[in-house]
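Here the structure comes first, spelled out in structure tokens, and everything after it is commentary.
What follows draws every value from the coordinates through simple rules; no lab data is involved. Keep in mind the model is a prediction, meaning the values are calculated, not measured. Note: ideal-geometry Cβ built from the backbone for every residue, glycine included; neighbour counts use all protein chains shown.
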Amino acid sequence: MKDLDDTNKAILQQLSDGRKPFSLIAEELGITENTVRSRVNRLMEDGILKICGLVDPEKVMGLQIALMGIKLKTLNLDEKAAEFTKLKGVISAVVVTGRFDIIIQVLLSDSDDYTLLDFFKKELSKISDVADVETFVVYQGHNYLIPYIL
């Protein structure tokens, strides 16, 4: 873990538009372009920042998101979360408190013939020690953007 200083925080806020030129960020923050470039590179090397394209799933025909609360028979939560991230369509897996152990976010696509049933039959079945799954299909999102990973 790394503590972010005010300059790094300001750079990250400027990168809400990942295509914004470093020269413009530098000008707005009153620092050099080289400072912005080196700090962004360092944040990426440290695994803090990843610059990527995100899509609004509601604006792409055939995309659907499902959130799944997973209850496990084991307490190897970190290991299991890592296993879930390797399944086709899984955007993220997070260890949580509450009635579930892990919540995963899954991208499904009618146009790629990858449905919720496909995920259960072909992917989720690969993970051992799953005790219970509750699925929440996202009908509408607000400021909800995801990487297109299929």
**OP:** Please list, or write none, the aspartates and glutamates whose alpha carbon is within less than 16 Å of the alpha carbon of Lys20, excluding same-chain residues fewer than 8 places away.
**Re:** Glu28, Glu33
Original post:
Ordered by residue, what ³J(HN,Hα) values in Hz, to whole numbers, does the stretch 93-105 give under the Karplus form 6.51 cos²θ - 1.76 cosθ + 1.60, where θ = phi - 60° and Gly and Pro are x?
Top reply: 9, 10, 7, 10, 8, x, 6, 9, 8, 9, 10, 10, 10
Original post:
Dipole of the stretch 32-72 (Lys/Arg Cβ +1, Asp/Glu Cβ -1, origin at the Cα centre): which of Val60, Thr32, Ile70 lies farthest to the positive side?
Top reply: Ile70
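What pairs from Lys50/Lys80; Lys80/Lys126; Lys86/Lys122; Lys2/Lys86; Lys88/Lys126 go past 18 Å between their alpha carbons?
On the way: Lys50/Lys80 23 Å; Lys80/Lys126 11 Å; Lys86/Lys122 13 Å; Lys2/Lys86 26 Å; Lys88/Lys126 11 Å.
Those over the limit are Lys50/Lys80; Lys2/Lys86.
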**OP:** Taking H placed 1.01 Å from N in the peptide plane, check which residues at least 5 places from Leu87 or on another chain put their amide H under 5 Å from its amide H.
**Re:** none
Subject >> Relative contact order of the chain, defined on C-alpha pairs under 8 angstrom at six or more residues apart (%) >> reply: 26 percent
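Any chance you could run the full-extension gain for Leu24 through His142? It's 0.36 nm times the residue separation minus the Cα-Cα distance, nm to one decimal. It would help to have the intermediate numbers written out before the result.
On the way: separation 118, 0.36 × 118 = 42.48 nm, distance 2.85 nm.
Extending this stretch completely gives an extra 39.6 nm.
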